[in-house]
1. Please give the strands (runs of 3 or more DSSP E) falling wholly within the stretch 296-367 in which 2 or more residues are within 16 Å of Arg240 (Cα to Cα) and in contact with a helix residue (DSSP H, G or I) (Cβ under 6 Å, 6 or more places away or on another chain).
2. Checking the structure you have, find out if any residue of the stretch 248-265 is within 20 Å of Arg351 (Cβ to Cβ), at pLDDT below 95 and part of a helix (DSSP H, G or I).
3. Take Ala140 and decide whether it is open to solvent by 50 Å² or more (accessible area, probe 1.4 Å) and more than 23 Å from Asp369 (Cα to Cα).
4. Residue pairs, Cβ under 8 Å, 6 or more apart or interchain, first in the stretch 192-207 and at positive phi, second open to solvent by less than 40 Å² (accessible area, probe 1.4 Å) and not hydroxyl-bearing (Ser, Thr, Tyr). List them.
5. Just one of (1) at pLDDT below 85; (2) at negative phi trips up Gly148, so point out which.
6. Return yes or no: is Ser298 hydroxyl-bearing (Ser, Thr, Tyr), touching a strand residue (DSSP E or B) at 6+ places or on another chain (Cβ under 9 Å), open to solvent by less than 40 Å² (accessible area, probe 1.4 Å) and modelled with pLDDT of 95 or more?
7. Among the residues of the stretch 272-279, are any surrounded by fewer than 24 Cβ atoms within 10 Å (Cβ to Cβ), within 18 Å of Thr347 (Cβ to Cβ), touching a Ser or Thr at 6+ places or on another chain (Cβ under 8 Å) and free of Cβ contacts under 8 Å to residues at least 12 places away in the same chain?
8. Can you give me the ranges of the strands (runs of 3 or more DSSP E) entirely in the stretch 91-200 with at least 3 residues that are over 19 Å from Gly245 (Cβ atoms) and either in contact with a His (Cβ under 6 Å, 6 or more places away or on another chain) or among the charged types (D, E, K, R) (or both)?
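The values are calculated or read from the model by the stated rules, or taken from the named source; none is laboratory data. Given the structure is predicted, the values throughout are model-derived calculations rather than measurements. Cβ placement follows ideal geometry from the backbone for every residue including glycine, while neighbour counts extend to all protein chains displayed. Accessible surface is based on the protein model in full, side chains and every heavy atom, while ligands, DNA and RNA are left aside. Shrake-Rupley method; radii C 1.70, N 1.55, O 1.52, S 1.80 Å.
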Amino acid sequence: MRAGFGAVLAAVVLFTLSAGMWLGGHPADLPEPLRDVFVDQSISVQAEASDVIRDNFYRSVKDRRLRDASLRGMVRSLRNRFSEYFTPEENKLFRESASGQFSGVGMTVVERPRGLLVAGTFDRSPAKRAGIRPGDLITAVNGRSIAGKSSDVSTALIKGKPGTYVRLTVRRPHRPTRRVRVRRERIRVPAADGALRRTGGRKLGIVELASFTTGAHGELIAQLQRLERRGAQGFVLDLRANGGGLLDEAVLVSSAFVPDGTIVTTDGRARPKRVFEATGEVATRKPVVVLVDHGTASASEIVTAALHERLRAPVVGQRTFGKGVFGQIFDLSNGGALDLVVGNYYTPSGRNLNRRGIRPDVPARDDLDTRRDEALDRALATLAEKIESRPRVK
């Protein structure tokens, strides 16, 4: 009898658990009095709508697609262009790109309302071999429009497994729209690169910083020290098309030039105010000029403002993007993530750059139809003038 009672009890428990799991995912099937007591109204309506679509739409719809759409809709209702929902696949690709090594096509891009503007391509990269060049506009990925999507989501769509292919719709001014098939490859993003140029009889160093991924400051410092050993009398820090990255890296990069004091301050509704100071680990005390454009954003703007306000470093180029907010990524149980803006950042003088950006002291623009880099030439000339005007110790 005890054995029989135990079996019946186990069956009842199993049935109750199964019924609970079913009704938990289908609250619309609960009697109204029980639904009012046990189910939150907003969750009930959301699940009810999912059931209606799943049971009545003229085509079959996967539950996962409905869940992703619901999450995207919640974030979209915030009306904030820098907050996004990443599906599990997009989240994985986004985290790979943040490490500095990913499977992509080898180009730097700037977010535009109609898609992604190509700012540059890496040497020997799939993008360069496919004929993609600066000034091209990527408007669709695998036939899906990326108009209005953030650069994080758009670039996540371009990335994928090494050896697979991605179809890009490319527009170029005064040329027919074309579609190119590009093979993805494992790409090591060069965070920093350096070169030495002679201008006005002076040796001037150029250090290009492509991203603020982990370890970027170390690569930058290595380039500064290498060029200084070769006789560089000053530096152009090229932050064009650098869309930002890690806040800690922005502070460390700034500290390579700024000896002490405030670099940036952050504050948010649910975040305590934090003041980030220079680390005191200065890599060079040579004069510096910062070269920027519309693609200079976020962490790049933090560095630009710190050098401009703390060292009076001239800013050359075009007005920067104007992203004066910072975000945090929250992992979700489905493998996806929410990338949410959680606060504002402020320059050493207390300015917030959101939607304003940084206006250059010396306006300059590169002409993509020429082989020369006119903006870089202007930055080098500005640096030479700055070195010439420095007081000399007699």
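1. Filter on the stretch 296-367 gives 315-317.
2. Within the stretch 248-265, none of the residues are within 20 Å of Arg351 (Cβ to Cβ), at pLDDT below 95 and part of a helix (DSSP H, G or I).
3. Details: open to solvent by 50 Å² or more (accessible area, probe 1.4 Å): no; more than 23 Å from Asp369 (Cα to Cα): yes.
No, not satisfied.
4. Close Cβ pairs satisfying both conditions: Gly200/Ala381; Gly200/Ala384.
5. Status for Gly148: all satisfied but (2).
6. Working: hydroxyl-bearing (Ser, Thr, Tyr): yes; touching a strand residue (DSSP E or B) at 6+ places or on another chain (Cβ under 9 Å): yes; open to solvent by less than 40 Å² (accessible area, probe 1.4 Å): yes; modelled with pLDDT of 95 or more: no.
When the stated conditions are applied, Ser298 does not pass them.
7. Yes - at least one qualifying residue is present in the stretch 272-279.
8. On the way: elements: 101-104, 107-112, 115-121, 137-141, 165-171, 178-183, 185-188, 192-199.
The strands (runs of 3 or more DSSP E) meeting that bar are 178-183.
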